[in-house]
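Chemist: Mind looking over this structure? Questions follow.
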Amino acid sequence: MGGLLKEIYKSRTLYLFISPFYILFLCFSVFPIFFSIYLAVHSWDGIGEMKYVGFSNFVYLFNDPVFWKALQNNIILWLLSNGPMLIISLAIAFIINLQLVRFKSFFRIAFFLPNITAMVAVVIIFQSFFGNEFGLMNYLLTELGLNKIAWFNSELGVQTVIALMIGWRYMGYNAIIYLSGLQKIPKDYYEAAELDGATLFQQFTKITLPVLRPIILFTIMMSTIGGFQIFTEPQVLAGPQSPYPGSDTVVLYLFREGFKYQHFGYAASVSWILFIIIGLFSFINWKFFNKSED
């Protein structure tokens, strides 16, 4: 022990230089995690004295229909946005990676641009596209002789708009990840498949998908985590109004309970239940892919 302390003392200058990162990490990452655990079993409005309530916050949560509705909305939005988005992203990456496609760098930049676009700008664009009265989509529907759709008056309409926003924003990001994986696949595989008369679809299903399995699992896991943390899209879309029908998510519910009603203990308990839900869905995805591989 004494020798270890001597070594640390000798290298004290080096430890001093790296200390800011660890101090910030402890203050803003580690401490909030443990404090939220403590906070989840207390009732606190952020100013007054904390009152120990045990598991009352969790009991109230499991009996709150608003929470279950928010969780249902979360799952629907996750399925509507991430499933089609990952499939289209993989198809885009496969097409860009083909030898006959030129200007690959241009397509990489073009598809990645939505991911770095400000979320407020994205919401404004989609509000103009899907406005109930004067939106571009309703204009096109009327030009085709169809009836207008009140997108923001129904749960399915609102969820469709949010799902399209999420898909459009992250499609290019996932396509770039898939493309990086595709470029690591030896071209000999595809050349041999072409000599054997394999079609593009057969090459995709027999070569691309099996080799990209770990990357596909990564994107599914990340989309699962992101899908259950949807907040910005419905929050900015509704603005100062209450959430549109079908757009109330668990994180939006958590934010409202904590920062609007000052139920910080209850909000902390919601965050830990959300953590367990995300972990459960991620574990199911991981087990499913491992089983498929076996």
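The values are calculated or read from the model by the stated rules, or taken from the named source; none is laboratory data. Only a predicted model underlies this, so the values are computations on that prediction, with no experimental measurement involved. Note that each Cβ is placed from the backbone with ideal geometry, even for glycine, and that neighbours are counted across all protein chains shown. Side chains are part of the model used for accessible areas, which takes the heavy atoms of the whole protein and leaves out ligands, DNA and RNA. Shrake-Rupley method; radii C 1.70, N 1.55, O 1.52, S 1.80 Å.
Chemist: Mind telling me which of Leu140, Leu209, Leu77 comes out most flexible in a GNM of the chain, alpha-carbon contacts under 10 Å?
Modeler: In the Gaussian network model the winner is Leu140.
Chemist: Can you find, among Gly135, Val30, Met221, the residue sitting farthest towards the positive end of the charge dipole of the chain, where Lys and Arg contribute +1 and Asp and Glu -1 at Cβ?
Modeler: Val30
Chemist: Using a 1.4 Å probe, what is the accessible area per residue for the range 2-57, in Å²?
Modeler: Per-residue value: 85 Å².
Chemist: Which of the helices in the chain, when you take each full DSSP H run, stretch at least 24 Å along the axis at their Cα atoms and have an average Kyte-Doolittle score of -0.5 or higher?
Modeler: 65-96, 155-182, 264-293
Chemist: Go through Ala267, Asn82, Thr13 and say which Cα lies farthest out towards the positive end of the charge dipole of the chain; charges sit on Cβ, +1 for Lys and Arg, -1 for Asp and Glu.
Modeler: Thr13
Chemist: Follow-up. What residues from the range 250-285 fall in the zone where the backbone N is under 14 Å from a label point 7 Å along the Cα-to-C-beta line of Lys51?
Modeler: The answer is 263-266.
Chemist: Straight distance only, please: which lysines reach the Cα of Lys104 with their own Cα at less than 23 Å, same-chain residues fewer than 8 apart left out?
Modeler: Within the straight-line cut-off, Lys104 pairs with Lys184, Lys187.
Chemist: Let me ask another. Determine the dipole magnitude for the chain: charges of +1 sit on the beta-carbon of Lys and Arg, -1 on that of Asp and Glu, nothing else is charged, the reference point is the Cα centre, and the result goes in debye to the nearest 20.
Modeler: 720
Chemist: Further question on the same structure: Expressed as a whole percentage, what fraction of the accessible surface of the range 152-210 belongs to carbon and sulfur atoms when a 1.4 Å probe is rolled over the protein heavy atoms?
Modeler: That fraction is 61 percent.
Chemist: Follow-up question, since we're still on this one. Accessible area per residue, 1.4 Å probe, Å², for the range 104-152: what's the number?
Modeler: I get 66 Å² per residue for this part.
Chemist: May I pose another question? Give, as ranges by residue number, the residues of the range 18-32 whose backbone N falls under 17 Å from the point 7 Å along Cα→Cβ of Leu5.
Modeler: From the range 18-32, the list is empty.
Chemist: Rolling a 1.4 angstrom probe over the protein chains, ignoring ligands and nucleic acids, what is the accessible area of Tyr190 in square angstrom, nearest 10?
Modeler: 30
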